[in-house]
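Following: one structure in structure tokens, then a few remarks.
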Amino acid sequence: MRRIVMLVCLAGLAAGVGLWSGYLPVPPQYNPFAPIDLTAPPNLLARFKLYRLKHDRALCLQALARTDAEFRPLEDQPGGQCPLVNIVRLSRAGAGFSRSFTASCPLAAAWEIFRHNTLQQAARAHFGQPVARVDHVGTYACRNVYNRPHARRSEHARANAIDVTGFVLADGTLISVQRDWNSKGQPAKAAFLRDIHQGACRAFNVVLGPDHNAAHANHFHFDMGSYWTCR
């Protein structure tokens with residue numbers, strides 16, 4: 001039995017080395033060590049590949065550069081109570097934003113997965129047109145969770161989260177998280193927001209919406225923190 005376990009371990013190690021070195025011909029989407037394609041539908045390896053970007057700035061910037069997102073790398077800001085590392089300034093990603101924002105590179109990468117595979121697909125499915133602008137209330141805030149004195153640091157303190165309040169379609173139609181989440185008179189808007197919420201869970205580690213609690217009644221919270229939840 002011990003010999004079988006050892007053989008299995010050695011086989012796994014050999015396979016890992018083969019994948020990492022490129023000797024095993026595996027399609028990139030199924031190779032955990034291949035660079036992530038942020039425009040492709042996420043599979044079971046997507047979270048692992050996004051996690052790699054957290055600790056590899058060059059790899060993250062390379063992944064973003066293969067999309068049409070408009071961004072620029074920023075210098076790390078290691079000092080102060082809320083240091084920022086591996087960050088970018090994102091000004092446009094297919095759709096525009098109500099304002100550009102500073103984000104951790106992994107958050108920007110997850111946004112690209114989200115907008116390619118959820119946001120614009122849902123907009124076209126429900127309204128026959130794309131989202132032209134995303135409204136948000138920021139990413140970076142040096143604070144604790146819910147501003148509680150003894151709580152842990154918020155992911156916003158690392159620019160690792162974004163709070164989205166609404167979407168503007170190409171024809172100027174506004175879809176508000178607060179107003180339309182439970183809209184009875186605008187069922188297409190409510191269905192669109194439900195699809196956005198569920199689809200975001202394939203890209204971001206944490207997704208919180210109006211059904212989570214009163215603090216999120218007017219926005220979606222997306223972040224790339226250290227645990228996974230979709231509420």
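The values are calculated or read from the model by the stated rules, or taken from the named source; none is laboratory data. Being a predicted model, the structure only gives us computed values, none of them experimental. Note that each Cβ is placed from the backbone with ideal geometry, even for glycine, and that neighbours are counted across all protein chains shown. What goes into the accessible areas is simple: the full protein's heavy atoms, side chains included, and nothing from ligands, DNA or RNA. Shrake-Rupley method; radii C 1.70, N 1.55, O 1.52, S 1.80 Å.
Among the residues of segment 198-226, which ones are touching a strand residue (DSSP E or B) at 6+ places or on another chain (Cβ under 7 Å) and without any contact (Cβ under 8 Å) to a residue 24 or more places away in the chain?
Hits for segment 198-226 are 208, 216.
For the subset of segment 217-226 comprising residues that are closer than 16 Å to residue 190 by Cα and not polar (S, T, N, Q), which member is least open to solvent (accessible area, probe 1.4 Å)? Spell out the reasoning first.
Here is the first cut: in segment 217-226, the ones closer than 16 Å to residue 190 by Cα are 217-220.
Cutting the leftovers down to not polar (S, T, N, Q) gives us 217, 219-220.
Working: 217: 41, 219: 20, 220: 0 Å².
Top of the filtered list is 220.
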Item to check | segment 64-75 residues that are in contact (Cβ under 8 Å) with a residue 40 or more places away in the chain, paired with ones that are small (Gly, Ala, Ser) and part of a loop (DSSP other than H, G, I, E, B) (beta carbon under 8 Å, 6 or more apart) | outcome: 69/94
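Here's a check for you: in segment 100-118, which residue that is in contact with a strand residue (DSSP E or B) (Cβ under 8 Å, 6 or more places away or on another chain) and over 12 Å from residue 158 (Cα atoms) is surrounded by the fewest Cβ atoms within 10 Å (Cβ to Cβ)? Working first, answer last.
So in segment 100-118, the residues in contact with a strand residue (DSSP E or B) (Cβ under 8 Å, 6 or more places away or on another chain) come out as 100-105, 107-108, 110-112, 114-115.
Adding the requirement that they be over 12 Å from residue 158 (Cα atoms) leaves 100-101, 108, 110-112, 114-115.
Numbers: 100: 14, 101: 19, 108: 30, 110: 28, 111: 28, 112: 24, 114: 23, 115: 23.
Among them, the one singled out is 100.
Within segment 36-81, restricting attention to residues that are among the acidic types (Asp, Glu) and closer than 27 Å to residue 152 by Cα, which residue is most open to solvent (accessible area, probe 1.4 Å)? Write out each step before concluding.
From segment 36-81, those among the acidic types (Asp, Glu) are 37, 56, 68, 70, 75-76; that's our starting set.
After this cut, where a residue has to be closer than 27 Å to residue 152 by Cα as well, the list is 56, 75-76.
Values: 56: 60, 75: 156, 76: 76 Å².
My answer is 75.
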Checklist entry - If you take the residues in segment 82-99 that are aliphatic (A, V, I, L, M) and open to solvent by less than 30 Å² (accessible area, probe 1.4 Å), which one is farthest from residue 165 (Cα to Cα)? => result 84
Item to check | Conditions (1) hydrophobic (A, V, I, L, M, F, W, C); (2) open to solvent by 20 Å² or more (accessible area, probe 1.4 Å); (3) farther than 30 Å from residue 81 by Cα; number of the one not met by residue 190 | outcome: (2)
Item to check | Members of segment 144-171 found to be open to solvent by 10 Å² or more (accessible area, probe 1.4 Å), touching a residue at least 24 places away in the same chain (Cβ under 8 Å) and in a loop (DSSP other than H, G, I, E, B), listed by number | outcome: 160, 170, 171
Checklist entry - Can you pull out the residues in segment 119-134 that are surrounded by fewer than 19 Cβ atoms within 10 Å (Cβ to Cβ) and not in a strand (DSSP E or B)? => result 120, 121, 124, 125, 127, 128, 129, 130
